[in-house]
1. Among residues belonging to the stretch A:11-21 that are in contact with a Ser or Thr (Cβ under 9 Å, 6 or more places away or on another chain) and surrounded by fewer than 20 Cβ atoms within 10 Å (Cβ to Cβ), point out the one that is farthest from the other protein chains (Cβ to nearest Cβ).
2. Working carefully through the options A:THR80, A:THR74, A:THR44, find the one that is assigned to a helix (DSSP H, G or I), more than 9 Å from chain B (Cβ to nearest Cβ) and at negative phi.
3. Count, please, the residues in the stretch B:4-28 that happen to be in contact with a helix residue (DSSP H, G or I) (Cβ under 6 Å, 6 or more places away or on another chain) and not in a helix (DSSP H, G or I).
4. So, B:ARG33, is that one within 10 Å of another protein chain (Cβ to nearest Cβ) and of a type in the set (D, E, K, R) or not?
5. Taking B:THR57 as meeting all but one of (1) assigned to a helix (DSSP H, G or I); (2) more than 19 Å from the chain's Cα centre (by Cα); (3) hydroxyl-bearing (Ser, Thr, Tyr), write down the number of the exception.
6. If you go through the stretch B:36-59 one residue at a time, how many are within 7 Å of chain A (Cβ to nearest Cβ), without any contact (Cβ under 8 Å) to a residue 40 or more places away in the chain and of a type outside the set (Ser, Thr, Tyr)?
7. Does B:MET69 qualify as being modelled with pLDDT of 90 or more and not in a loop (DSSP other than H, G, I, E, B)?
8. Could you give every pair whose Cβ atoms fall below 6 Å, whose first residue belongs to the stretch B:61-77 and is more than 7 Å from every other protein chain (Cβ to nearest Cβ), and whose second residue is surrounded by fewer than 13 Cβ atoms within 10 Å (Cβ to Cβ), counting only separations of at least 6 or pairs across chains?
Amino acid sequence: MNFWVELLISVLLILGGVFVLVGSIGLIRLKDLYVRLHAPTKATTLGLGGILLGSMVYMSHQHGYLTIHELLITLFLVITAPVTAHILAKVAMHHEVPMMKRTRNAEHVSTARKQQAPGDTKDQD
Amino acid sequence: MLEWSMIAVGVMLCVALFLNLWRLLIGPHVVDRILALDTMYINSIALILLYGMYNGTQLYFEAALLIAMLGFVSSVAFGKYLLRGDIIE
């Protein structure tokens, strides 16, 4: 295999692996759930993107034609990771998971829990 | 060089999976455990793709795609259950 192709694949793979590891270290190190939600949902998506790009380059070089079906997983994860993070944050807010002491605007959480969806007038009378 | 970097990335991914497992075990609230499980899904996709690259085959791609879809659906189902008390209303 060509040296420069090998170098490119190695750099992409190691970049991806470092991002995944940083996301998991953030999951352990950070203080409360709302902060902890930040680390894996961003870092692992980026890290997996690096590993998938490396895999794409490797498979394209090995087979001699361009293979882009790894982009399918990247597209799927880029669409679904924010949805998962949003649902988990909503669950945490409604279950009143405790926050850090110096969280700003924490008093708005109780207001937000009382809010209804627009057009939902079932319980208002 | 490529083989060594693949092994190094595999070690990094395994360490990341163990850290996620630790959070899954100690997580103070159930939402922490769901978040750790979702992260474990994503990291195992990366590990399976890396194993497919190491063997030079594309057979593992479909497995990775399946795990990605199942991970998303299961995380959303856990979230909906905790939020509404039911998954499909």
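1. Only one residue fits best here, namely A:VAL11.
2. Going through A:THR80, A:THR74, A:THR44 in turn, the sole match is A:THR74.
3. The number of residues fulfilling the criteria is 1.
4. Criteria not met by B:ARG33.
5. (1)
6. Residues flagged as within 7 Å of chain A (Cβ to nearest Cβ), without any contact (Cβ under 8 Å) to a residue 40 or more places away in the chain and of a type outside the set (Ser, Thr, Tyr) within the stretch B:36-59 amount to 9.
7. For B:MET69, the condition - modelled with pLDDT of 90 or more and not in a loop (DSSP other than H, G, I, E, B) - is met.
8. So the pair list comes out as B:ALA77/B:ILE87.
The values are calculated or read from the model by the stated rules, or taken from the named source; none is laboratory data. Predicted model only: the values in this text are computed from it and were never measured. Cβ atoms come from the backbone with ideal geometry, glycine included; neighbour counts cover every protein chain shown.
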